[in-house]
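Colleague: Take this structure, written in structure tokens, and hold onto it; I'll ask about it next.
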Amino acid sequence: MSASTPTTLPLATLAQELARFRAACPLVHVLTNEVVQEITANVLLAAGAAPAMIVAEEEVPTFAAIAGAVLINVGTLHATRLAAMQQAVTAASAAGVPWTLDPVAVGALKYRTDACQALIRQKPTAIRGNASEIMALAGAGQGGRGVDSTSGSDAALDAARFLAHETGAIVAVTGETDYITDGKTTLATPWGHPLMTRVVGTGCALSALVAAFTAGAPNRLEAVASACAMAGMAGQYAQKQSHGPGSFKGAFLDALYHIQPENLLEISA
Amino acid sequence: MSASTPTTLPLATLAQELARFRAACPLVHVLTNEVVQEITANVLLAAGAAPAMIVAEEEVPTFAAIAGAVLINVGTLHATRLAAMQQAVTAASAAGVPWTLDPVAVGALKYRTDACQALIRQKPTAIRGNASEIMALAGAGQGGRGVDSTSGSDAALDAARFLAHETGAIVAVTGETDYITDGKTTLATPWGHPLMTRVVGTGCALSALVAAFTAGAPNRLEAVASACAMAGMAGQYAQKQSHGPGSFKGAFLDALYHIQPENLLEISA
Amino acid sequence: MSASTPTTLPLATLAQELARFRAACPLVHVLTNEVVQEITANVLLAAGAAPAMIVAEEEVPTFAAIAGAVLINVGTLHATRLAAMQQAVTAASAAGVPWTLDPVAVGALKYRTDACQALIRQKPTAIRGNASEIMALAGAGQGGRGVDSTSGSDAALDAARFLAHETGAIVAVTGETDYITDGKTTLATPWGHPLMTRVVGTGCALSALVAAFTAGAPNRLEAVASACAMAGMAGQYAQKQSHGPGSFKGAFLDALYHIQPENLLEISA
């Protein structure tokens, strides 16, 4: 398919999206893995959203339908949680609530690969993954062919465009530079920060922030890109304040709390 | 019902209760939600208690009966965990072990509302919640009528008194000011700190601290109020040391560790 | 049994093991308790390993067989997770993947004691516990007789040697001084740090680090001792940088990230 060159998300757009997000304080129904529940909640709280982890089949459909957005993360998937996730997606879709998929380690294991394939047939609003995950998921969309997880970011960008085109989702492939695409237009957010890879849950929590930004978003491509940019800027700022992954985590949450439409240049400097 | 004006918990009482708590190092059997397990354990460890998360039906009754106190938190309730909680409550009650209920989001969803109603019929020693939760639970006690979750703290105080009167529990309704009541006497602890609302689990961990203070307490009203005061003072101190919710969390745990009967005035200054 | 006097792990051996570990960046399949999943992942990431928490019966056997090492921690054991753990151990053993057992609170409750007895019959590569746990597990090996959990470290050292002899595992009994034994030779790592006992999961995360060091280890005794020494040195360094358990945790992760074969003397000074 033909595809335009990625363009960097304008700071003015980020400022506008950040102001919208902060005013909305969206309620995010989070169904995520066992490892990252606390950091996911803390990232959402620090950034200005309201997380709620609701997992029982007796509660999930009701809550997903009244939430501002839903996050599905398959990190420690098992049968009971997968059933709850499917209920959440069905209820969210019926109620017009946007939902985001984080396909953790898709492609590496058949059980979660099958689960993610079934989930994307239910049309997620957004998908956020690293290069390997987005390539694996795009490969699955092409019929389950193998995916070279050692491919570079160019290949992941093509896979992201393909996946967006096939599913209708906004697809974010994150790494040193994040690419966010609807299949036609691609935005880039260039605020990489290597320490983040040494703190568990930063990617998973970013997916929750992506979900939060899709709540009530007039432009979903810009909303998802703004979530990536907000986390990237906060991460870059935090990296300068910290001495390693332990101090990075606290500084990252502090930065998410303090980032404002008015101080973007200072934060990203 | 008639009710006296709340009085602030005297520092001398707090000092006495804190000394008792530190000497006891109570073993707390914690049955809580998926999101806050780590911070709950760390708050108890920093404050001077010994947390134990035991969840299997094969172990819960034995352990609840030998613990110093039990905490029940319904945050991410599901059927298996609810069954374990009911076992824990039954075993604790039979053995005379005090137990505390944190009715997270009661009133918002029928499943947990029903579960909390059933639990309070088993006579908790203490209940800790925010204004909406205490009002919802009191409404449930009045027959399940709706509760206006937008009501202010005065309404929550009346609901807390009513709930205490109906259940025999010490009820703590926490917020900017915490009110702790046995239905007749009401104590207040005025050490609010807004950053706490941007760190997940501070309320849930406070409930665990409430449970810990009820272990072997000669005066349960003063014990619960002292737990609230200890957390509030540590939070106020931490707020001054921190730059946002990330650094607040570390500073809060440090403050809980360092607060002593001898330095209360310094901490609360 | 006759036993030689413990000797302190030489810094040159630690430096060599640390270099080997960093070059390998081993993939560790972690099956641990609900409370410590995040700190366990963060300790492994900060130290230089790659954690993966995979829990579904559909995925566990496949993943355990391709991991560099497996950790089994019974902290919040329940039937479903125990079944997954048994699958992981069977698959790891069949594939020649080393696995480490952390027998949390063994001896205190029959269900986990029985589970741990069954697990050690499957020949763990390493076992890491505190004095009470190692003595309880050794007692179980002797036929389930009672164990005096109030015994001192000398008794735990004998129990560790006995347990190593009976199971073929490297046994680490950790505390102020850590002892690591194969039943004949015993190494000691003397970098104790009391704040660690006030942060949940430091022991559990050490077990994960022990597992990580066993991956591809040419000398398992030295590998396990090096994991204990790395954590101990980082803890000792962190204790000097911190004001309590909250700041300790961040400083500990930072220290694990920065410790190098070249700066061991500086860190341990």
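Colleague: When the residues of the stretch B:93-121 are narrowed to those that are small (G, A, S) and either within 20 Å of B:F213 (Cα to Cα) or free of Cβ contacts under 8 Å to residues at least 24 places away in the same chain (or both), which ends up nearest to the other protein chains (Cβ to nearest Cβ)?
Modeller: B:A95
Colleague: Is it true that A:V28 is facing another protein chain (nearest Cβ under 9 Å) and either under 21 Å from A:P124 (Cβ atoms) or at pLDDT below 95 (or both)? Working first, answer last.
Modeller: Details: facing another protein chain (nearest Cβ under 9 Å): no; either under 21 Å from A:P124 (Cβ atoms) or at pLDDT below 95 (or both): yes.
For A:V28, the condition - facing another protein chain (nearest Cβ under 9 Å) and either under 21 Å from A:P124 (Cβ atoms) or at pLDDT below 95 (or both) - is not met.
Colleague: Filter the stretch C:238-269 down to the residues that are in contact (Cβ under 8 Å) with a residue 12 or more places away in the chain and not in a helix (DSSP H, G or I) and list them by number.
Modeller: Answer for the stretch C:238-269, where residues must be in contact (Cβ under 8 Å) with a residue 12 or more places away in the chain and not in a helix (DSSP H, G or I): C:S242, C:G244, C:I259, C:Q260.
Colleague: Within the stretch C:107-124, take every residue that is outside any helix (DSSP H, G or I) and farther than 23 Å from B:F63 by Cα and give me the one that is least open to solvent (accessible area, probe 1.4 Å).
Modeller: Within the stretch C:107-124, the first condition is being outside any helix (DSSP H, G or I), and the residues that meet it are C:107-109, C:121-124.
Then keep just the ones that are farther than 23 Å from B:F63 by Cα; that gives C:121-124.
Working: C:R121: 174, C:Q122: 66, C:K123: 116, C:P124: 3 Å².
By that ranking, first place goes to C:P124.
Colleague: Residue by residue through the stretch B:59-106, note down the ones that are open to solvent by 10 Å² or more (accessible area, probe 1.4 Å) and charged (D, E, K, R).
Modeller: B:R81
Colleague: Sticking with this one: Return the residues of the stretch A:125-138 that are assigned to a helix (DSSP H, G or I) and of a type outside the set (V, I, T); say none if nothing qualifies.
Modeller: Here is the first cut: in the stretch A:125-138, the residues assigned to a helix (DSSP H, G or I) are A:131-138.
The answer is A:A131, A:S132, A:E133, A:M135, A:A136, A:L137, A:A138.
Colleague: Still on this structure: Give me a count of the residues in the stretch B:56-92 that are assigned to a loop (DSSP other than H, G, I, E, B) and within 14 Å of chain C (Cβ to nearest Cβ). Step through it out loud before you land on a result.
Modeller: So in the stretch B:56-92, the residues assigned to a loop (DSSP other than H, G, I, E, B) come out as B:56-59, B:67-68, B:74-78.
Next, from what is left, pick out any that are within 14 Å of chain C (Cβ to nearest Cβ): B:56-59, B:67, B:75-76, B:78.
Number of matching residues: 8.
Colleague: Please work out which one of (1) touching a Leu at 6+ places or on another chain (Cβ under 6 Å); (2) within 23 Å of B:I259 (Cβ to Cβ) is the condition C:A238 fails and give its number.
Modeller: Every listed condition holds for C:A238 apart from (1).
Residues are listed down the side, and each one gets a yes or a no for (1) open to solvent by 10 Å² or more (accessible area, probe 1.4 Å); (2) more than 17 Å from the chain's Cα centre (by Cα):
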{"site": "C:T8", "(1), (2)": "yes, yes"}
{"site": "C:L27", "(1), (2)": "yes, no"}
{"site": "C:L31", "(1), (2)": "no, no"}
{"site": "C:V36", "(1), (2)": "no, no"}
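Colleague: Being free of Cβ contacts under 8 Å to residues at least 24 places away in the same chain and part of a helix (DSSP H, G or I) is the filter; apply it to the stretch B:9-28 and report the residue that is nearest to B:M53 (Cα to Cα).
Modeller: Here the residue is B:A23.
Colleague: Being basic (K, R) and touching a helix residue (DSSP H, G or I) at 6+ places or on another chain (Cβ under 7 Å) narrows it down to one of A:R112, A:R121, A:R128, so name that one. Outline the logic, then answer.
Modeller: On the way: A:R112 fails: touching a helix residue (DSSP H, G or I) at 6+ places or on another chain (Cβ under 7 Å); A:R121 fails: touching a helix residue (DSSP H, G or I) at 6+ places or on another chain (Cβ under 7 Å).
On inspection, the qualifying residue turns out to be A:R128.
Colleague: Could you count how many residues in the stretch B:238-263 are open to solvent by 10 Å² or more (accessible area, probe 1.4 Å), under 28 Å from B:V70 (Cα atoms) and more than 14 Å from chain A (Cβ to nearest Cβ)?
Modeller: 4
Colleague: I would also like to ask the following. Kindly list the number of the only condition in (1) touching a Ser or Thr at 6+ places or on another chain (Cβ under 6 Å); (2) within 28 Å of A:A50 (Cα to Cα) that fails for B:L209.
Modeller: In the conditions (1) touching a Ser or Thr at 6+ places or on another chain (Cβ under 6 Å); (2) within 28 Å of A:A50 (Cα to Cα), B:L209 misses (1) alone.
Colleague: Taking A:E34 as the residue in question, decide whether it is more than 18 Å from A:I259 (Cβ to Cβ), free of Cβ contacts under 8 Å to residues at least 12 places away in the same chain and within 12 Å of chain B (Cβ to nearest Cβ). I'd like the intermediate steps shown before the answer.
Modeller: Values: more than 18 Å from A:I259 (Cβ to Cβ): yes; free of Cβ contacts under 8 Å to residues at least 12 places away in the same chain: no; within 12 Å of chain B (Cβ to nearest Cβ): yes.
It is false that A:E34 is more than 18 Å from A:I259 (Cβ to Cβ), free of Cβ contacts under 8 Å to residues at least 12 places away in the same chain and within 12 Å of chain B (Cβ to nearest Cβ).
Colleague: Could you tell me whether A:L18 is of a type in the set (A, V, I, L, M), open to solvent by less than 30 Å² (accessible area, probe 1.4 Å) and more than 12 Å from every other protein chain (Cβ to nearest Cβ)?
Modeller: yes
Colleague: Might you check whether a residue that is assigned to a helix (DSSP H, G or I) and within 13 Å of chain A (Cβ to nearest Cβ) occurs anywhere in the stretch B:205-215? Quick ask: steps written out before the conclusion?
Modeller: Filtering the stretch B:205-215 down to residues assigned to a helix (DSSP H, G or I) leaves B:205-214.
Checking which are within 13 Å of chain A (Cβ to nearest Cβ) leaves us with B:205.
Yes, the stretch B:205-215 contains a residue that is assigned to a helix (DSSP H, G or I) and within 13 Å of chain A (Cβ to nearest Cβ).
Colleague: Out of the residues in the stretch B:143-192 meeting the condition of being open to solvent by 60 Å² or more (accessible area, probe 1.4 Å) and among the basic types (K, R), tell me which one is modelled with the lowest pLDDT.
Modeller: B:R145
Colleague: Now for a different question. Looking at this structure, is A:A229 open to solvent by 10 Å² or more (accessible area, probe 1.4 Å), assigned to a helix (DSSP H, G or I) and in contact with a Ser or Thr (Cβ under 6 Å, 6 or more places away or on another chain)?
Modeller: Spelling it out, it is not the case that A:A229 is open to solvent by 10 Å² or more (accessible area, probe 1.4 Å), assigned to a helix (DSSP H, G or I) and in contact with a Ser or Thr (Cβ under 6 Å, 6 or more places away or on another chain).
Colleague: Taking the stretch A:40-55 as the search range and keeping residues that are part of a helix (DSSP H, G or I) and facing chain B (nearest Cβ under 9 Å), which one is nearest to B:S242 (Cα to Cα)? Write out each step before concluding.
Modeller: Just the residues of the stretch A:40-55 that are part of a helix (DSSP H, G or I), to begin with: A:40-47.
Now narrow it down to the ones that are facing chain B (nearest Cβ under 9 Å): A:40-42, A:44-46.
Values: A:T40: 21, A:A41: 19, A:N42: 16, A:L44: 19, A:L45: 16, A:A46: 14 Å.
Looking at the filtered set, the residue picked out is A:A46.
Colleague: Is there any pair with a first residue in the stretch C:197-222 that is within 16 Å of C:L27 (Cβ to Cβ) and a second that is among the hydrophobic types (A, V, I, L, M, F, W, C) and assigned to a loop (DSSP other than H, G, I, E, B) whose Cβ atoms are under 6 Å apart and which are 6 or more apart or on different chains, and what are they?
Modeller: From the stretch C:197-222, the pairs are C:A212/C:A49.
The values are calculated or read from the model by the stated rules, or taken from the named source; none is laboratory data. Just so you know, these numbers come straight off a predicted model, no measurement behind them. We place every Cβ from the backbone using ideal geometry, glycine too, and count neighbours over all the protein chains shown. Ligands, DNA and RNA are excluded from the accessible area calculation, which covers all protein heavy atoms including side chains. Shrake-Rupley method; radii C 1.70, N 1.55, O 1.52, S 1.80 Å.
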